[in-house]
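Data block below; observations after.
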Amino acid sequence: MNLMENAARTLTESLHLRQPPVGIAFADSVPAGVAVFAGTAPAGCRFWQEAASRVFATVPKDHELCAIGIYTHHLESIGKVNTDLQDALKVFGDLGYVRPEDMPFIPVLNRNPKVVVYGPLAAMPVPADVVLLFVQADKALILSEASQQLENGLPPALGRPACGVVPQAWNSGRTALSLGCCGARAYLDTLTPDVALYAIPASKLEAFTERVAALAQANAVLTKFHTLRRHDVEAGKRPSVKESLAVMQ
């Protein structure tokens, strides 16, 4: 079992993921044996959902309905994309949603890929550059603890656009949390109100996975401890920590 397969299995089991971890790889050409995406995607983030079950490659034209995604992923702008981007920014500005002074805070990939490959992490035929997780809030707690231990700080919590979490992780070499955006939540069935996105740069994947597994186990033990302690306190007891630990045995 290779690193990506092992990480996918460990992260899925430790975090009780509903959707397998998604691998994202940037390339200059379509890798041999990888099919090019067939169909139409309303937004680039939709590829994350499609990638739960199959591996495929996308080229800029596959992203052309998502001017924001093309912008954040630094893909070649083709056709009417530039016009769509300006039109979208005007609407965002009129709504006070994205103002001109907000633009520098939107991450943009610091490379110019010709191809983006997506797929289940365990099945990626090429090394992933970024790994994306769909996580519930209580499991994001474990991920943030792992980030703090490995990176000596907490990950940024990004908002709109959700796709900005991918360049954020790649550019910084650090993990990042995305709370999603209204667009991604409209386009993705898997991005339900209780789910957030967590991006892991591939350079951190092995160490991060090890920390997640350890912290998930620790959280399970401590959850049991606190649950038993609450029960005792609500029953009128005043247990010491040693007494609560003894009950767990």
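Please treat every number below as a calculation from the coordinates, not as lab data. Since the structure is predicted, the reported quantities are computational estimates derived from the model, not experimental observations. With ideal geometry, Cβ positions are generated from the backbone for all residues, glycine too; neighbour counts draw on all protein chains shown.
Where in the chain are the DSSP H helices whose alpha-carbon span along the long axis reaches 30 Å or more and whose Kyte-Doolittle mean is at least -0.5? Walk me through the intermediate numbers first.
Numbers: long enough: 205-234 (42 Å, -0.09).
For the chain, where a helix must reach 30 Å along its axis and average at least -0.5, the hits are 205-234.
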Practice task
Mind checking which aspartates and glutamates have their Cα closer than 15 Å to the Cα of residue 242? Skip sequence neighbours fewer than 8 apart in that chain.
Solution key: 232
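Determine the shape class of the chain: with a ≥ b ≥ c the square roots of the Cα gyration tensor eigenvalues, call it rounded for a/c under 1.5, and otherwise prolate if a/b is greater than b/c, oblate otherwise.
Numbers: a/c = 2.54, a/b = 1.74, b/c = 1.45.
Judged from the Cα gyration tensor, the chain comes out prolate (a/c at least 1.5, a/b above b/c).
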Problem - Shape of segment 146-227, Cα gyration tensor, a/c cut at 1.5 - result: oblate
Completion exercise
Each label sits 7 Å from Cα toward the beta-carbon; between residue 246 and residue 218 the label points are separated, in nm, by 2.6 nm
